[in-house]
Amino acid sequence: MEIKNVAVLGSGTMGQGIAEVFAIYGYNVKMEDISDEILNKALKKIKESLVKLEQKGQLFGKTSDDVMSRISTYTTIENAVKDADLVIEAVPENLDLKKKIFAEAEKFVKRETIIASNTSNIRITDIAKDLKYKDRVAGLHFFNPPVLMKLVEVIKAEYTSDEVMEILVDVVKKIGKYPLKVMKDTPGFVVNRINAPESLLFCLYIDHKVATQEEIDAYFKSQGLPMGPYELMDYVGIDVVYDSLEYFAKTLNPCYGKCNTIKELYNNKMLGMKTGKGFYDWSKGRPFIDVKKATDKVSMMDVLALEINEAVKLIEQGIATPEDIENGVKYGMNRPYGPISVAKSFTSMEIKSKLEELASKFNCDVFEPAESIKNGLLRDAIEGRLKVKGVEEKKVKEEAKIKEEKVLSAQQFNTIKVEKYESKVAKIILNRPKYNLISGELLDELEKAIKYLWNDPEVNVIIITGEGNVLSAGADLNEFVGSSFQFLENSRKGERVFQLLSEMPKLTIAVMKGYALGGGFELSLACDLRVGTEDVQIGFPEITLGLVPGWGGSQRLSRIVGLGKAMELIVTGQRITGKEAYSMGILNKLYKNPDEEVMEFAKSIAQNSAPVAVAMAKRLLNKGSQVPIDVGLEMESFAMGVLFSTEDLKEGIMSFLQKKKPEFKGR
Ligand code: NAD
């Protein structure tokens with residue numbers, strides 16, 4: 001079904017904004033409210049906003065009058081909804097009122113009309129409970145102001161059909177917004193749920209007299225937030241905050257009902273900016289907060305830990321994906337980062353101990369760590385590897401055995417990331433949109449990363465993997481359409497960088513997952529060891545394009561699988577699976593979750609094998625296979641001579657005799 005006609009019920013702050021957005025994008029909008037007076041005020045506000053957009057050239061060539069002509073107003077639901085394809089309810093946040101409006105709308109709409117609520121927090125399933133056709137009801141949660149905010153949460157209630165979800169996601173994209181798919185109905189959905197524990201914390205800070213509101217606001221402003229938390233609550237409205245906390249107390253956790261200060265303000269009608277008084281006195285305008293008064297009794301880490309915790313709970317419950325949560329918080333709160341990217345800098349242990357500290361200090365189990373954080377699976381959760389809901393505890397514990405490694409430092413390039421771990425393992429992660437295709441820029445950055453790690457005494461083993469589920473589907477063919485000279489240069493660059501990689505004095509391991517095709521396969525072959533999944537697709541499709549593997553693949557493959565098999569794979573362009581590659585000796589190990597399991601493998605080599613001996617062994621094997629055996633044997637004796645003088649040899653022998661674990665220094 002194509003949406004053309006939209007009815008918006010309620011023309012307050014949100015209703016008028018939603019009506020304006022749909023009209024800008026060419027939809028016919030019928031706006032309804034309880035009186036013409038209210039509707040006329042709404043029309044006036046919409047016109048003012050459109051004029052501003054028109055002056056900035058943001059109406060796609062239309063005039064504000066063109067857009068206004070698409071909006072008509074009504075004082076009865078019947079007239080507003082009867083030919084609507086989509087009805088959006090934006091009346092005050094009250095379950096009984098919303099249920100009444102939905103029941104009324106259902107009487108007059110067509111069977112296929114979708115009815116959506118813009119509620120901030122109320123479960124859509126509860127609003128739809130008594131309706132006849134519940135499959136067409138969903139949530140469509142805009143953010144204030146709808147014209148500017150890029151996010152819309154699309155909420156699947158218990159009975160919402162998949163088709164309705166698809167239509168809504170599509171319409172949200174058509175009005176230029178990001179649709180965050182909330183796959184299970186939950187109070188507060190995603191963004192407001194992420195916010196809920198920190199609102200509770202801010203209230204408890206004051207109740208427990210941790211510091212004064214000015215001192216805490218000053219601290220958060222000194223950390224770069226545009227508004228302190230209490231100033232913000234006053235701005236939003238103490239009644240709105242109080243109602244949300246009460247709703248969460250009823251539906252999520254009774255701890256949300258613990259806030260005494262906010263209850264007092266609410267009961268005394270001190271509702272913040274709109275009544276002139278709340279946490280602050282607003283009678284003379286916005287309160288002045290002196291950042292010099294910042295307290296050290298609270299910390300940004302409290303808030304970050306709570307956001308990460310709530311994000312992980314949403315992932316565990318299958319409510320939204322990590323990507324949607326990250327984008328939702330960025331777009332819904334207008335921030336440059338979300339909890340998922342922040343979580344990457346912490347270990348489960350760090351977040352867990354902060355949360356346990358907060359839970360015990362405020363005697364509040366809302367702050368208790370999520371299961372995955374307790375079990376050391378923060379990484380799995382934020383990287384989307386958690387078996388969502390119904391994960392038996394046993395399984396969680398088994399997986400927790402693969403301990404999280406502490407990132408010592410991370411470097412972000414444009415197309416790759418480099419992470420160094422405590423265990424003397426480093427990771428180079430290819431990070432390009434769409435299958436990590438290898439571009440000229442990626443090769444340049446890979447070269448820099450190789451040189452950066454070349455002599456690093458803190459690194460013994462380097463893992464090369466791809467962001468997401470794919471190593472690399474090959475070279476970026478867009479770069480192959482230039483001149484033949486460019487083509488040659490590109491080819492030489494790949495050859496040079498992969499050769500450099502193969503000559504590194506550290507052990508390298510490629511993680512082959514998803515696709516390792518063309519250049520991605522050549523990159524793997526330039527590594528010393530390869531691990532991967534049973535179903536990874538491996539191959540050299542070059543021949544089918546009129547090329548040959550040009551980044552060392554034509555030479556390296558035969559050294560591993562022999563001439564006959566290499567010939568077959570290269571001249572047919574045939575793909576093989578990880579399982580087949582393992583039987584040919586291309587893959588050293590098969591793993592289910594290669595990025596996790598390879599860490600254990602890499603760690604054991606990094607810690608148990610003497611680094612200089614590893615570098616020597618690597619050189620002997622790689623170079624030795626290219627020279628006559630007597631030359632190779634000569635090289636071997638030479639290597640033994642060099643190793644004889646290393647401290648590591650003494651350490652190795654002494655440790656063996658004393659039956660203790662050696663501590664190699666790499667010299
Ligand atoms: P608002 O008070 O500004 O507007 C509500 C409008 O509904 C008013 O114009 C009122 O006259 C009208 N109304 C009341 N009873 C009605 C009825 N029976 N029939 C038709 N219209 C009726 O409220 P708002 O801020 O626009 O919020 C509306 C909804 O959107 C709420 O559920 C709220 O939680 C949600 N929301 C608000 C924000 C925000 O920042 N304001 C953001 C996201 C979602």
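The values are calculated or read from the model by the stated rules, or taken from the named source; none is laboratory data. This one's a predicted model, so the numbers in the text were calculated from it and none came from an experiment. So basically every Cβ, Gly included, is an ideal-geometry build from the backbone, and we count neighbours across all protein chains shown. These area figures cover heavy atoms from the full protein model, side chains too; ligands, DNA and RNA do not enter into them. Shrake-Rupley method; radii C 1.70, N 1.55, O 1.52, S 1.80 Å.
Surface composition of the range 606-656: carbon and sulfur make up 70 percent of the accessible area, probe 1.4 Å. Rounded to whole numbers, the Karplus 3J(HN,Hα) couplings from phi for the range 179-187 are x, 8, 7, 8, 7, 9, 6, 8, x Hz, using 6.51 cos²θ - 1.76 cosθ + 1.60 with θ = phi - 60°, and x at Gly and Pro. For the range 556-572, putting each phi into the Karplus relation 6.51 cos²θ - 1.76 cosθ + 1.60 with θ = phi - 60° gives couplings of 7, 4, 5, 5, 9, 9, x, 5, x, 5, 4, 4, 4, 5, 6, 7, 9 Hz, in residue order, rounded to whole numbers and with x for Gly and Pro. Applying both filters, DSSP loop and at most 13 other Cβ atoms within 10 Å, to the trypsin sites (Lys or Arg not before Pro) of the range 28-65 gives K56. Other residues within the sphere of radius under 13 Å centred on the Cβ of P226, judged by their own Cβ, net out at +1 (K and R +1, D and E -1). Amide H contacts of R530 (H built 1.01 Å from N, in plane; Pro and chain starts excluded): A510, N588, K589 sit under 5 Å, all sequence-distant by 5 or more or on other chains.
Accessible surface for Y582 stands near 110 Å², nearest 10, in the context of the full protein assembly shown (1.4 Å probe). Near Y159: Cβ cut-off under 10 Å, other residues only, Lys/Arg at +1 and Asp/Glu at -1. The net charge is +1.
Applying both filters, DSSP loop and at most 15 other Cβ atoms within 10 Å, to the chymotrypsin sites (Phe, Trp or Tyr not before Pro) of the range 61-143 gives Y133. The gain in end-to-end length when the M1 to K293 segment is fully stretched comes to 99.4 nm, 0.36 nm per residue minus the alpha carbon separation.
Remark: spin-label model distance D96-E479 equals 6.6 nm, labels positioned 7 Å along the Cα→Cβ axis.
Which cross-chain or sequence-distant (5 or more) residues have an amide H under 5 Å from the amide H of L507, H modelled 1.01 Å from N in plane? Counting only residues 5 or more places away or on other chains, the set is I462.
Heavy-atom surface analysis with a 1.4 Å probe gives the range 160-213 a carbon and sulfur content of 50 percent of its accessible area. For the range 29-156, the relative contact order works out to 19 percent when only alpha carbon pairs closer than 8 Å and six or more residues apart are counted. 3J(HN,Hα) along the range 538-553, derived from phi through the Karplus expression 6.51 cos²θ - 1.76 cosθ + 1.60 where θ = phi - 60°, amounts to 10, x, 10, x, 3, 4, 6, 9, x, 10, 10, x, x, 10, x, x Hz, with x in place of Gly and Pro. When T13, T295 are compared by accessible area of protein heavy atoms, the largest-first order is T13, T295, using a 1.4 Å probe. When DSSP beta bridges are restricted to pairs lying wholly in the chain, around 30% turn out antiparallel.
Using a 1.4 Å probe on the protein chains only, how many percent of the accessible area of the range 252-338 belongs to carbon and sulfur? Result for the range 252-338: 53 percent of the exposed heavy-atom area is carbon or sulfur.
Per residue, the solvent-accessible area of the range 561-653 (1.4 Å probe, heavy atoms of protein chains only, all protein chains present) comes to 58 Å². Rounded to a whole number of µm²/s, how large is the Stokes-Einstein D of the chain at 37 °C and 0.692 mPa s, given Rh as the Kirkwood radius over C-alpha pairs? Translational D for this selection: 114 µm²/s. Positive contributions from Lys and Arg (+1) and negative ones from Asp and Glu (-1), summed over other residues with Cβ under 14 Å from the Cβ of S554, come out at -1. The GluC sites (Glu not before Pro) of the range 1-75 meeting both criteria, a DSSP state outside H, G, I, E and B (loop) and at most 15 other C-beta atoms within 10 angstrom of the site's C-beta, are E2. Once backbone amide H atoms are built at 1.01 Å from N, E383 has no partners under 5 Å, excluding neighbours fewer than 5 places away on the same chain. Taking 7 Å steps out from each Cα toward its Cβ at E600 and Q574 produces label points 3.4 nm apart.
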